[in-house]
Amino acid sequence: MPTISDFDYQRVPVAEGVSLNAAVGGSGSPIVLLHGFPQTHLMWRHVARDLAADHTVIVPDLRGYGESDKPSDGYSKRTMAADTVALARALGHDRFALAGHDRGALVAFRAGLDHPGTITHLACLDVLPTLDMWDVMHGASAAVGFHLYLMAQPPGLPEQLIAGASDAFFGHFLDVWTNDPSAIPPEVRAAYLDACRAAVPSIVADYRASACVDVDHDKVDRAAGNRLRMPVTVLQQDWGAALGYDAVALWGAWAADLQHETVTCGHFMAEEAPAEVAESLRALLDR
């Protein structure tokens, strides 16, 4: 299994019966990096080494992914955000910056809302908040998000279908969401597919939560007027042009101190454009 070179690996208990696999490196002010789908903490390997020059960098596998524990439930982003806070605290950090990509960005977004005194800076890569994501998915253009609807179905059928062709299913996203296939070398791709093959029920549970409990949590915050209080950076492809929404306006409703950047690389930007991502994160940490 590939690892992030020069990083130490630990298993850290974060909740009853749940420990996370985490790579830790560098020294200085702390930043936690959360991966997306269908990946593991390895997606941050280039950015993590860059930031470790002057930051303590903590890179876990999310609950249900990679080498972290995979309980049968507990996949609301609120629970997974609490995992992240517990992880950092166990490693000695009561306040920290947080960056997430894809699924990890949804966890980071929830952490920012639920733990405003803990998260000092927040970066979200290539997502919309859950409530907004569902709002903009409509008509034939929503076919691009077919996996969201598949994994939103009740337990049973999605798990069976995906487990029956897991490499084809997960490999599809690794292929179509990248503009530069060489950014994910064969050994890393194999590690992602191995990890996903072993985690079908928990990955589906993570997505299913985003069609129910995560929506409910976002609705409560929107009704209450809750917003992200820390500096926020969002890096996104121009999905708004394809699906007909204004990404800056949607994010601006949640974050007053917002830096929104549209990227030209593919979805897996931390692997396709790691120097640019690291530069954006450093700029965020200076705000």
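Yes or no: region 110-131 includes at least one residue that is of a type in the set (Gly, Ala, Ser) and assigned to a helix (DSSP H, G or I). Don't jump to the end; show me each part of the working.
Initially, region 110-131 is screened for residues of a type in the set (Gly, Ala, Ser), giving 111-112, 117, 123.
Then keep just the ones that are assigned to a helix (DSSP H, G or I); that gives 111-112.
Within region 110-131 (the criterion being of a type in the set (Gly, Ala, Ser) and assigned to a helix (DSSP H, G or I)), the answer is yes, since at least one residue qualifies.
Restricting the search to region 17-45, which residues are over 18 Å from Met269 (Cα atoms), open to solvent by 10 Å² or more (accessible area, probe 1.4 Å) and not in a loop (DSSP other than H, G, I, E, B)?
Selection gives Ser19, Asn21, Val24, Ser29, Pro30.
Among the listed residues Ala163, Ala198, identify the single one that is of a type in the set (Gly, Ala, Ser) and either in contact with a helix residue (DSSP H, G or I) (Cβ under 6 Å, 6 or more places away or on another chain) or within 18 Å of Asp102 (Cα to Cα) (or both). Outline the logic, then answer.
Numbers: Ala198 fails: either in contact with a helix residue (DSSP H, G or I) (Cβ under 6 Å, 6 or more places away or on another chain) or within 18 Å of Asp102 (Cα to Cα) (or both).
When all the criteria are applied, what remains is Ala163.
Would you tally the residues in region 52-71 being under 18 Å from the mean Cα position of the chain (by Cα), open to solvent by less than 30 Å² (accessible area, probe 1.4 Å) and touching a residue at least 40 places away in the same chain (Cβ under 8 Å)?
Number satisfying all stated conditions: 10.
Restricting attention to region 73-86, does a residue exist that is closer than 19 Å to Ala209 by Cβ and among the basic types (Lys, Arg)?
Yes: one or more hits.
Check Ala48, Ala82 and return the single one that is within 19 Å of Ala123 (Cα to Cα), touching a strand residue (DSSP E or B) at 6+ places or on another chain (Cβ under 9 Å) and open to solvent by less than 10 Å² (accessible area, probe 1.4 Å).
Among Ala48, Ala82, only Ala48 is within 19 Å of Ala123 (Cα to Cα), touching a strand residue (DSSP E or B) at 6+ places or on another chain (Cβ under 9 Å) and open to solvent by less than 10 Å² (accessible area, probe 1.4 Å).
Looking at Leu150, is it over 30 Å from Glu276 (Cα atoms), assigned to a helix (DSSP H, G or I), open to solvent by 60 Å² or more (accessible area, probe 1.4 Å) and of a type in the set (A, V, I, L, M)? Reasoning before the result, please.
Working: over 30 Å from Glu276 (Cα atoms): yes; assigned to a helix (DSSP H, G or I): yes; open to solvent by 60 Å² or more (accessible area, probe 1.4 Å): no; of a type in the set (A, V, I, L, M): yes.
So Leu150 fails the test.
Is there any pair with a first residue in region 184-206 that is open to solvent by less than 20 Å² (accessible area, probe 1.4 Å) and a second that is among the hydroxyl-bearing types (Ser, Thr, Tyr) and assigned to a helix (DSSP H, G or I) whose Cβ atoms are under 7 Å apart and which are 6 or more apart or on different chains, and what are they?
Close Cβ pairs satisfying both conditions: Cys196/Ser166; Val200/Ser166.
What number of residues in region 261-286 are open to solvent by 40 Å² or more (accessible area, probe 1.4 Å) and either within 30 Å of Pro185 (Cβ to Cβ) or assigned to a strand (DSSP E or B) (or both)?
8
Restricting the search to region 157-176, which residues are among the aliphatic types (A, V, I, L, M), surrounded by 16 or more Cβ atoms within 10 Å (Cβ to Cβ) and closer than 9 Å to Val200 by Cβ?
Within region 157-176, just Ile162 meets the criteria.
Across region 256-274, what is the number of residues that are touching a strand residue (DSSP E or B) at 6+ places or on another chain (Cβ under 6 Å) and free of Cβ contacts under 8 Å to residues at least 12 places away in the same chain?
So the count comes out to 0.
Condition first: part of a loop (DSSP other than H, G, I, E, B), of a type outside the set (Lys, Arg) and on the phi > 0 side of the Ramachandran plot. Can you find one or more residues in region 69-76 that meet it?
Yes: region 69-76 contains one or more residues that are part of a loop (DSSP other than H, G, I, E, B), of a type outside the set (Lys, Arg) and on the phi > 0 side of the Ramachandran plot.
The values are calculated or read from the model by the stated rules, or taken from the named source; none is laboratory data. These numbers come from a predicted model, not from an experiment. Methodologically, a virtual Cβ is constructed for each residue, glycine included, from the backbone with ideal geometry; neighbour enumeration extends over all protein chains shown. Protein only, heavy atoms only, side chains kept; ligands, DNA and RNA dropped before computing areas. Shrake-Rupley method; radii C 1.70, N 1.55, O 1.52, S 1.80 Å.
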